[in-house]
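Worksheet: the structure to be examined is printed underneath.
The values are calculated or read from the model by the stated rules, or taken from the named source; none is laboratory data. Note that the structure is predicted; figures quoted are calculated from it, not measured. Here the Cβ positions follow ideal geometry from the backbone for every residue, glycine too, while neighbour counts run over all protein chains shown. SASA here: full protein model, heavy atoms, side chains in, ligands and nucleic acids out. Shrake-Rupley method; radii C 1.70, N 1.55, O 1.52, S 1.80 Å.
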There are 2 protein chains.
Amino acid sequence: MTRRGFVGEHGRMPMQFDPPSGTRDFLAADVEARERAFATIRSVFTSYGFEPLQTPAFERLDVLLGKYGEEGDKLIFKILRRGEHEASGEADLALRYDLTVPLARVAAAYGSQLPAPYKRYAIGPVWRADRPGRGRYREFIQCDLDTLGSTSAMADAEVICAVHDALAGLGVTGFRFLLNSRHVLAGLLEAFGVPAELGPDVLITLDKLDKLAPAEITAELAGRGLDEAKAAELVAAMTAPDAAERIRAALKPSEEGLAGLDEVDAAMSLVAGQVPADRVEFTPRLVRGLSYYTGPIWEVSAQGVPGSIAGGGRYDHLIEQAGGPDVAATGGSLGIERILLLSAGDAAPDRRLDVAVSVMGPGYAPSSFALAAAARSAGLRSSVYLGSSGKLGRQLKWASGTGARWALIYGAAEEEAGTVTVRDMETGQQSAVLVPDLAGYLRRAAAERNN
Amino acid sequence: MTRRGFVGEHGRMPMQFDPPSGTRDFLAADVEARERAFATIRSVFTSYGFEPLQTPAFERLDVLLGKYGEEGDKLIFKILRRGEHEASGEADLALRYDLTVPLARVAAAYGSQLPAPYKRYAIGPVWRADRPGRGRYREFIQCDLDTLGSTSAMADAEVICAVHDALAGLGVTGFRFLLNSRHVLAGLLEAFGVPAELGPDVLITLDKLDKLAPAEITAELAGRGLDEAKAAELVAAMTAPDAAERIRAALKPSEEGLAGLDEVDAAMSLVAGQVPADRVEFTPRLVRGLSYYTGPIWEVSAQGVPGSIAGGGRYDHLIEQAGGPDVAATGGSLGIERILLLSAGDAAPDRRLDVAVSVMGPGYAPSSFALAAAARSAGLRSSVYLGSSGKLGRQLKWASGTGARWALIYGAAEEEAGTVTVRDMETGQQSAVLVPDLAGYLRRAAAERNN
C-alpha cells in the first residue's frame, strides 16, 4: 500500500498521475502510522506544558524573503498574484519554509495575549523547492518546540527532556544527545588564539569533524589562514578520546569558555533525572552550522543513521531577526520524517473493518444495513458489502480483504430463525446469534480477542 | 485568546503581523477545539470502514485547471516556477482547491492497489482566492467522505448515516437531512412538460425556492421562457405544505421520476434505523446547484444557520471528468468551518498545566525540575517556573495563570523536612508531602478531582 511518488526514486519514471515531484500521497496505512507518531509527540510535549500553534500554509512573501539567506530564498515556493495582477508574473505570498518565522510573526502579532513564557509546539508541513531524493522531500513535516521569554537553563533542559521522552515514546532506540555550548566554542577560539576575524570560518570547518579525517580538517583550517601548528593542536585536542577533559582544561584561561562549561554542566545536571547518563554527552566538537545559536546547543544521533534525528539550542536574538520582538528563546526540532523512515515497514496489516456484513440480495439490504449499525454500536468498525454479487463466496472474499475478524451472514434461513450467522474469519467457525443479542455477542467476542 | 486575523473583519485594519488576508492563526484553545472535532469525525468515519487519505497541498497546475469552471480557475492559488524559470512569471503548480480532484488523481494512480470499493475520508486544508468575509476564508478545512466503485443505494445511505453520526458526535442539535434525487427533478421537468432545453435553467431557478417568494420564482421561470401557467402550477406544487405528496402524485406518469422516488424511498428505509424519522425528509425542491450529481442528493440544514452544514450525493461520472477512471461514486462533505463557528465560544478555559512547580532560587533548580518530572510520571502536565523572580507571590501568580490545579513549593524548610508543599490552587490549602510520595499523592488527588 505504500508507494512514494517522487521522481527518480528507485529510478522510476514519473507517471501522469503521480503527485508533484518531491511530494507524496499517503494511503491509509501510512496516514495511520504517521498520525500515531504525531499523537505520541503531541502527548509528550503537552505533558511539559507546551501548547499547540497552527499558522497558515502561506505567509506574505516579504515576511519570508531574506530570512534564509540567498540559497534559502531560491528554495521558497512563491505564489502568483491573482486576478488582474496575475499577468504581472509577480508573487505576493509564499509557502512557509519553516515554522520559526511564523512563530516570530505570531510573537509580534499577539504579544501580551500569549502566556509568558510562551512554550509552544508546532507540527505541520513546510515546503522547500529542494532537489528531491531519498528521504528529502519538497513537502515534509516539521516538528518544533520552543520556549520564548525565558533565559533560564531549565528552559533549555525542558526542551531536551521533552525531545528525549518523545523519541523514547516513538520507540527509537540507541540514540544519544551530543551537548555543547556556543560559549564553549567561543572560549576554544580564544584559548587557542584564533584571530576573531577567522572565528566563523574556523567553526564552519570544525563542524566537519565527524565527516573528515583530522588531517583534512587541519589542512582546511590552515587554508583558511590559521597557523598550522595551532590548527593541529586544536584538532588534536578535539579528536582525542578524552576530548571533553582536554577541552575543559584548555578552557580555564577563557572566561567565556568557563561560562559555556557552566551552561553545559547545568543542562547535564538538570536532565540527569530523566535522561539516562549514557544518553547524553558533552561533545566539544559539536558546532551546529547555524550561526544564530547563542548558548547551549545539542543534537541527537542514532545508531545506523547518518546525521542527526533531532537538534536545537538557545537562540536569543533570532526571533527579533525573523521579524518578532527581541526575546530570549530556546527550542528544538525533531527530524520526524527521518524518524518515520526508521520505523517504516512496521505498519500493521491493513485492517479496515472488524465486522464485514454480507448482503444476500436486494431484499436483505435494510436488515444487513441494520446489522452493521448494531456492530458499530458495540464499538466495532463495520460495513455492508457494497458490490453487486449475490454470491456468498464472493462476499466472503471481500470480507477477508477488509481484514475483518468476523463476517455476518443473514439470508432466508437466518431470517426464518431470527438469528444472524457470525463467522469467525480466522477459524471459519460459525455461530447462530439471536439478532437482538448481536451487539452484546460481538462486544464480548471482541473483549475476549483483546485479552 | 482567539483572534481572527483577516482583513476587514469587525472593520479592523490589517496589521503588519497579521496572517495573510483570509487566513488565520490558531492559538492553543482554538487548535484544541478544532482537533477535538476532527478526532470525533475521524472516529465516526472509521467506524463505517472509511479510511484516511492525505495528498499534497499542491498539485500540478494542469491537474487542477479546467475542473472548476472559469470562475473557479480564477480562484486557484498558482505557484511560480522556480530557479531560472521564475523570471518567466509562469506557474506550474497550484494549491489544491478541493479534495475531490486529488481523489480522482489518486484513483487513477493507484487503481487496483486500492480496496474495492474505495471508501475514503479526507480532512485537510484547501485554498481559494475568494473575497474573505465572515465565515469565508482563503484557507479552510474540507472534510469529505466518498465511496468509489459502488452503485449500491447502501453506499449512499452509509454516507448519510456517517454524516449524521458525526454531527451528533459534534454536539450539533436541531439539524435535518433534506433528501431528493436528480431523477425526481428530471421527472418533475418531464411531468410538468418543461422543454428539455429549458431544464437546466429551470433547476437553477428552483434552487432558489428557499430564498425567494413563490411569486418571484414563478416570474423568474416565466422570464426563462417557461409558460407562466405551468410555472405557477409547478411552484404551487413544490411550495405546498403537502409538497412531498403532491410531487409523488405528479410524478406517476414519469418513469424517471418514479425511479427517483424509488431511490429516495430506498435511502429513507436504509437510514431509518439510525437517523431518527424527524431528522430526514423527502424535499422535492432540493436541487443542489452542482450539475455533476446523478442520483440521490441531500443537504443538512440546522436551526438558526443560513444555508447548509453538510451536503452530498451520487456523482457517477465526476471522477472521470476530474481526471480519474470512470467509476461510480457517492459522497458527502461536512461544512466543518461553519460547524466550528456554531460551537465557537464553548472552548474550555485555558489550562496549560495541572501542576506548576515553583523554583525558590537557582540552587533549587535541579530539585524543582525533578519534582515536575515526578508529576508528569503521574500522568499530569507539569512544568517549572522559568522566570527570574525568586518571590513566591510572583511565582504563584504565574502558577495561577497556567490554570494549574496544584502548585508545588520546595524551599529551605521543605528541603530540611524532606517534603514538598502541595498547594491546592482553588482552596489555597497546603499539604506537606514526602518527596518520594509525590507522584502517588498527585495521582490520587487527580483521580479524586476527576470523580
Which ones in the stretch A:288-318 are more than 20 Å from A:Thr173 (Cα to Cα), crowded, with 22+ Cβ neighbours inside 10 Å and among the β-branched types (Val, Ile, Thr)? A:Ile297
What number of residues in the stretch B:55-68 are open to solvent by less than 10 Å² (accessible area, probe 1.4 Å) and at the interface with chain A (Cβ under 9 Å from one of its Cβ atoms)? 4
Looking at the stretch A:380-390 only, could you name the residues that are modelled with pLDDT under 95 and either out of contact with any helix residue (DSSP H, G or I) (no Cβ under 8 Å at 6 or more places or on another chain) or within 17 Å of A:Arg444 (Cα to Cα) (or both)? A:Ser388, A:Gly390
Can you confirm whether the stretch A:334-351 contains a residue that is closer than 20 Å to A:Pro102 by Cβ, of a type in the set (A, V, I, L, M, F, W, C) and away from every other protein chain (no Cβ under 14 Å)? yes
When you look at B:Leu221, is it in a helix (DSSP H, G or I), surrounded by 20 or more Cβ atoms within 10 Å (Cβ to Cβ) and without any contact (Cβ under 8 Å) to a residue 60 or more places away in the chain, yes or no? yes
Please tell me if B:Phe38 is among the hydrophobic types (A, V, I, L, M, F, W, C), buried (at least 19 other Cβ atoms within 10 Å of the Cβ) and modelled with pLDDT of 95 or more. no
Would you confirm whether or not the stretch A:42-54 contains a residue that is farther than 30 Å from B:Arg352 by Cα, surrounded by 22 or more Cβ atoms within 10 Å (Cβ to Cβ), facing chain B (nearest Cβ under 10 Å) and at pLDDT 95 or above? no
When the residues of the stretch A:131-182 are filtered to those that are in a strand (DSSP E or B) and of a type in the set (Ser, Thr, Tyr), which remaining residue is farthest from A:Gly331 (Cα to Cα)? A:Ser181
If A:Gly111 meets every condition in (1) in contact with a strand residue (DSSP E or B) (Cβ under 9 Å, 6 or more places away or on another chain); (2) more than 7 Å from chain B (Cβ to nearest Cβ); (3) under 19 Å from B:Val31 (Cα atoms) apart from one, which number is that one? (1)
Can you confirm whether A:Leu340 is outside any strand (DSSP E or B), open to solvent by less than 30 Å² (accessible area, probe 1.4 Å) and under 30 Å from A:Asp165 (Cα atoms)? yes
Count - residues of the stretch A:78-101 that are under 22 Å from B:Phe26 (Cβ atoms) and within 8 Å of chain B (Cβ to nearest Cβ): 3
Out of all the residues in the stretch A:164-177, which are more than 14 Å from chain B (Cβ to nearest Cβ) and farther than 17 Å from A:Ser269 by Cβ? A:Leu167, A:Leu170, A:Gly171, A:Val172, A:Thr173, A:Gly174, A:Phe175, A:Arg176
Can you find even one residue in the stretch A:279-288 that is closer than 25 Å to B:Pro366 by Cα, free of Cβ contacts under 8 Å to residues at least 24 places away in the same chain and of a type in the set (Ser, Thr, Tyr)? no
If A:Leu334 passes every condition in (1) within 30 Å of A:Ala447 (Cβ to Cβ); (2) under 24 Å from the mean Cα position of the chain (by Cα); (3) not β-branched (Val, Ile, Thr) but one, which one does it miss? (1)
Condition first: within 14 Å of chain A (Cβ to nearest Cβ), β-branched (Val, Ile, Thr), within 23 Å of the chain's Cα centre (by Cα) and farther than 30 Å from B:Val63 by Cβ. Can you find one or more residues in the stretch B:310-319 that meet it? no
Enumeration of residues in the stretch B:379-396 that are within 11 Å of chain A (Cβ to nearest Cβ), under 20 Å from B:Gly361 (Cβ atoms) and open to solvent by 50 Å² or more (accessible area, probe 1.4 Å): B:Ser388
Specify the residue that is least open to solvent (accessible area, probe 1.4 Å); the eligible residues are those in the stretch A:269-280 that are at pLDDT 95 or above and within 23 Å of A:Thr239 (Cβ to Cβ). A:Val280
Run down A:Leu185, A:Leu212, A:Leu145, A:Leu203 and say which single residue is at pLDDT 90 or above and either within 14 Å of chain B (Cβ to nearest Cβ) or in contact with a strand residue (DSSP E or B) (Cβ under 8 Å, 6 or more places away or on another chain) (or both). A:Leu145
Going by what's in this entry, would B:Thr239 be described as touching a Leu at 6+ places or on another chain (Cβ under 6 Å), over 26 Å from B:Gly69 (Cα atoms) and not hydrophobic (A, V, I, L, M, F, W, C)? no
Which is within 13 Å of chain B (Cβ to nearest Cβ), open to solvent by 10 Å² or more (accessible area, probe 1.4 Å) and closer than 16 Å to B:Ala162 by Cα, of A:Ala365, A:Ala373? A:Ala373
B:Ile247, sole failed condition from (1) buried (at least 22 other Cβ atoms within 10 Å of the Cβ); (2) out of contact with any strand residue (DSSP E or B) (no Cβ under 9 Å at 6 or more places or on another chain); (3) more than 29 Å from B:Val327 (Cα to Cα): (2)
How many residues are within 12 Å of A:Ile160 (Cβ to Cβ), aliphatic (A, V, I, L, M) and in a loop (DSSP other than H, G, I, E, B) when one looks only at the stretch A:242-291? 2
